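Colleague: Pasting a structure here, questions to come.
The values are calculated or read from the model by the stated rules, or taken from the named source; none is laboratory data. Keep in mind it's a predicted model, so treat the numbers as computed, not measured. We place every Cβ from the backbone using ideal geometry, glycine too, and count neighbours over all the protein chains shown.
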Amino acid sequence: MTQLLGAAARHGRLVLILGLVAGVALPGLALAMRPWIGPLIASLLFLSAFRIGPRQAIGALGDVGNSVAITALLQIAMPIAAIAIAAALGAGGAVAATFFVLMLAAAPISGGPNLAVMSGVDPAPVLRQLVVGTALLPLTVLPVFWLTPAFGDPSDVLTAAGGLMLLIVAACGGAFVLRGLAWRTLSGDAIAAVDGLSAIVMAVVVIGLMSAVGPALRVDPLRVLGVLALVSGVNFAVQMAAAELAGRCWRADRAVAQGILAGNRNIALFLSVLPADTVDPLLLFIGCFQAPMYLTPAVLSRYYAGWARPRSRSLTPET
């Protein structure tokens, strides 16, 4: 089993791609997997926290302040900017505009630390940002929803965000307790096994999230390809822009983490709290959006590898 999980870790990018393919090719399986998305996300959080451990996850006190500032930029400034751009273009009511505003208002995805591992960088900053971003989501969504009344009652989102935060605390807390009691230090083989299991769980999760893509591809393949191209272009552009900004103006060693955080968001959180007439047109966008998220380590690996190596740039020193 350890050897099998180690192989999954070594080929983690391929495992994610296979999950995407299965989500499109097997719509029946995708529908069957949808009820299991919540528990699988909880297990993914547990594995991420277990791999990192409490000491790395907590980090320095200064990192918490930075995480709060980054959350304000990612979850308030970016969606409000998107609202303003859509309004200026006269596209405020378009499905694509609604999707991108909602995506930018969301907290980072729970699989973010695993994407960081597959991109060859430290996952701890991503986990910290995930926890802080989710904790502050009940506050950050308020101005976005106030500016976009079609999203429904913000109190429903506050309830959903609170539930997600409890899930994160339970999953991460359980993982940290287990590390402290039984596995204070993980061997190289143990880390590889955890990474392999995480890749498999991520592949299974994405099958359920792709349930709307397979049927739409059979009915109108050109529309699906158009939506896929649009969301992929925006996702990768946001990631690269965020990485450049973080690397040039802040710290080069955090550029990859900020890129992953900015482009890959937990939009699925909003599915159960938004009005049905708002959610239904977004399902295809949400399904297609899984592709660039899960392809991040493969598509941007060479770009991010450049940031992961030391760079001879004039960067703002760490404080």
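Colleague: Kindly state which helices (runs of 4 or more DSSP H) lie completely within the stretch 68-143 and contain at least 3 residues that are within 26 Å of ALA203 (Cα to Cα) and under 14 Å from the mean Cα position of the chain (by Cα).
Modeller: Working: elements: 78-88, 95-105, 112-118.
Qualifying helices (runs of 4 or more DSSP H): 95-105, 112-118.
Colleague: What number goes with the only condition from (1) surrounded by fewer than 24 Cβ atoms within 10 Å (Cβ to Cβ); (2) in contact with a Ser or Thr (Cβ under 9 Å, 6 or more places away or on another chain) that GLN129 does not pass?
Modeller: (1)
Colleague: Answer yes or no as to whether ALA170 is touching an Asp or Glu at 6+ places or on another chain (Cβ under 9 Å), modelled with pLDDT of 80 or more and part of a helix (DSSP H, G or I).
Modeller: Working: touching an Asp or Glu at 6+ places or on another chain (Cβ under 9 Å): no; modelled with pLDDT of 80 or more: yes; part of a helix (DSSP H, G or I): yes.
It is false that ALA170 is touching an Asp or Glu at 6+ places or on another chain (Cβ under 9 Å), modelled with pLDDT of 80 or more and part of a helix (DSSP H, G or I).
Colleague: Further, regarding this structure: Just to be sure I understand the filter: pairs with C-beta atoms under 7 Å, separated by 6 or more residues or on different chains, first member in the stretch 46-66 and within 15 Å of GLY112 (Cβ to Cβ) and among the β-branched types (Val, Ile, Thr), second member modelled with pLDDT of 75 or more and surrounded by 21 or more Cβ atoms within 10 Å (Cβ to Cβ). Which pairs pass?
Modeller: Correct list of pairs: ILE52/PRO113; ILE52/PRO123; ILE52/ALA124; ILE52/LEU127.
Colleague: Working only within the stretch 272-289, note down all residues that are at pLDDT 85 or above and either touching a Gly at 6+ places or on another chain (Cβ under 9 Å) or of a type in the set (Asp, Glu) (or both).
Modeller: Initially, the stretch 272-289 is screened for residues at pLDDT 85 or above, giving 284-289.
Once the filter is applied, which keeps residues that are at pLDDT 85 or above and either touching a Gly at 6+ places or on another chain (Cβ under 9 Å) or of a type in the set (Asp, Glu) (or both), the stretch 272-289 yields only GLY287.
Colleague: Can you find even one residue in the stretch 220-241 that is at pLDDT below 85 and either in contact with a Leu (Cβ under 8 Å, 6 or more places away or on another chain) or part of a loop (DSSP other than H, G, I, E, B) (or both)?
Modeller: No, every residue in the stretch 220-241 fails to be at pLDDT below 85 and either in contact with a Leu (Cβ under 8 Å, 6 or more places away or on another chain) or part of a loop (DSSP other than H, G, I, E, B) (or both).
Colleague: For the stretch 33-66, how many residues meet the condition of being of a type in the set (D, E, K, R) and modelled with pLDDT of 75 or more?
Modeller: If we filter the stretch 33-66 for residues that are of a type in the set (D, E, K, R), which is where we start, we get 34, 51, 55, 63.
Next cut, modelled with pLDDT of 75 or more only: 51.
So the count comes out to 1.
Colleague: Could you tell me whether the stretch 62-79 includes any residue that is surrounded by fewer than 19 Cβ atoms within 10 Å (Cβ to Cβ) and closer than 29 Å to GLY188 by Cβ?
Modeller: Here is the first cut: in the stretch 62-79, the ones surrounded by fewer than 19 Cβ atoms within 10 Å (Cβ to Cβ) are 62-65, 68-69, 72-73, 77.
Cutting the leftovers down to closer than 29 Å to GLY188 by Cβ gives us 63.
The answer is yes, given that some residue of the stretch 62-79 is surrounded by fewer than 19 Cβ atoms within 10 Å (Cβ to Cβ) and closer than 29 Å to GLY188 by Cβ.
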